[in-house]
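Participant: Supplied in structure tokens, the structure appears directly below.
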């Protein structure tokens, strides 16, 4: 006999989760709680575990990401997300913050991988409907209380630099996944809590061993507290650094239009849903307006002298807060 649907709310104003499968419910609740996100309002996730996925016809072009495909826009208006590691699919409502998530039992055995790919992409689209917009980058706060973001492609030193700064007492919000929100006239980054993920080269530079084995990502994970820093839920960025790797650490000031163009490159979900795309773009422009922006090369010398990062911006005062 099938159990009746079980419903729970994560935090006082968060997820209304409906799920009849006890194992799936526990896994989803744990994932949402461990993210430490201060939910912007109520949203609904209806999770169903099926022996196999039903067949769907969807003629919209698929936007492919590693392990995830996304279809959005007319004629359906929904956002359809599929996962390639194990059969899973999500349908996000066109306008309301709710999604129907269909999982096969194989997904539950690969749930850690599903969290950072399939389920996270689903959550990104749901939270867009509550005014939160994804940004790909590391967000940290220096000992003086100023917020910084390092933005760039995978392998450009964001996580390793965040780990280095944590070892010097900086607070780390995220090394990868953040949400832009409007907070009292300033743009703020809300961090998705997860371990700072380091490749082998980054471990060597930091002189670190151990950590959490992130086997599928071929990385080792460290919580900011393990590195000597703290975790910060929120950061108000005042410096934006678009990072590259090189022989020495140096940077040049970017004009606002250049910085907005760079930010758009690392906010891929701006490509979807015109209304939300404009709101997303507005937040990116405001983020640039409140910050000083630099094209930065990160070199091995930074690990000998982390103050080189602050030296880049030393003579350029940040814009006044609104």
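The values are calculated or read from the model by the stated rules, or taken from the named source; none is laboratory data. What you see is a predicted model; the values in this text were computed from it and never measured. Here Cβ is always computed from backbone atoms with ideal geometry, including for glycine, and neighbour counts include all displayed protein chains.
Participant: Among the residues of segment 79-97, which ones are within 22 Å of residue 28 (Cα to Cα) and out of contact with any helix residue (DSSP H, G or I) (no Cβ under 7 Å at 6 or more places or on another chain)?
Facilitator: Start the filter on segment 79-97 by keeping residues that are within 22 Å of residue 28 (Cα to Cα), which leaves 79-93, 96-97.
Passing the criteria: 80, 82, 84, 89, 91, 93, 96.
Participant: Taking residue 160 as the residue in question, decide whether it is modelled with pLDDT under 90, part of a helix (DSSP H, G or I), within 27 Å of residue 290 (Cα to Cα) and in the same structural domain as residue 279 (by TED's automatic domain parsing).
Facilitator: Yes: the conditions hold for residue 160.
Participant: Only residues in segment 35-46 that are without any contact (Cβ under 8 Å) to a residue 60 or more places away in the chain count as the first member; pair them with residues that are part of a loop (DSSP other than H, G, I, E, B) and surrounded by 20 or more Cβ atoms within 10 Å (Cβ to Cβ), Cβ under 8 angstrom, at least 6 apart or cross-chain, and list the lot.
Facilitator: Cβ pairs passing all conditions: 42/97; 44/97.
Participant: Can you find even one residue in segment 47-67 that is at pLDDT below 95, closer than 19 Å to residue 133 by Cβ and crowded, with 17+ Cβ neighbours inside 10 Å?
Facilitator: The answer is no, given that none of the residues of segment 47-67 is at pLDDT below 95, closer than 19 Å to residue 133 by Cβ and crowded, with 17+ Cβ neighbours inside 10 Å.
Participant: Ok, one more. Any idea which residue in segment 177-191 is nearest to the chain's Cα centre (by Cα), counting only those that are within 25 Å of residue 115 (Cα to Cα) and surrounded by 20 or more Cβ atoms within 10 Å (Cβ to Cβ)?
Facilitator: Step by step, filter segment 177-191, then rank; the result is 177.
Participant: Next question, about the same structure. State which residue is modelled with the lowest pLDDT when the search covers only segment 252-279 and only residues that are in contact with a strand residue (DSSP E or B) (Cβ under 6 Å, 6 or more places away or on another chain) and assigned to a helix (DSSP H, G or I).
Facilitator: Residue satisfying both the conditions and the ranking: 269.
Participant: Is it fair to say residue 98 is within 18 Å of the chain's Cα centre (by Cα), in the same structural domain as residue 26 (by TED's automatic domain parsing) and either surrounded by fewer than 17 Cβ atoms within 10 Å (Cβ to Cβ) or touching a residue at least 12 places away in the same chain (Cβ under 8 Å) (or both)? Spell out the reasoning first.
Facilitator: Details: within 18 Å of the chain's Cα centre (by Cα): no; in the same structural domain as residue 26 (by TED's automatic domain parsing): yes; either surrounded by fewer than 17 Cβ atoms within 10 Å (Cβ to Cβ) or touching a residue at least 12 places away in the same chain (Cβ under 8 Å) (or both): yes.
No: the conditions fail for residue 98.
Participant: Would segment 207-215 turn up any residue that is surrounded by fewer than 17 Cβ atoms within 10 Å (Cβ to Cβ) and assigned to a helix (DSSP H, G or I)?
Facilitator: For segment 207-215, residues surrounded by fewer than 17 Cβ atoms within 10 Å (Cβ to Cβ) and assigned to a helix (DSSP H, G or I): present.
Participant: Do you know which residues across segment 196-206 are buried (at least 20 other Cβ atoms within 10 Å of the Cβ) and in contact with a strand residue (DSSP E or B) (Cβ under 7 Å, 6 or more places away or on another chain)? Talk me through it step by step, then tell me what you get.
Facilitator: The initial filter retains those residues of segment 196-206 that are buried (at least 20 other Cβ atoms within 10 Å of the Cβ), namely 196-198, 202.
Matches in segment 196-206: 196, 197, 198.
Participant: Any idea which of 281, 263 is within 21 Å of the chain's Cα centre (by Cα) and under 14 Å from residue 137 (Cβ atoms)?
Facilitator: Details: 281 fails: under 14 Å from residue 137 (Cβ atoms).
When all the criteria are applied, what remains is 263.
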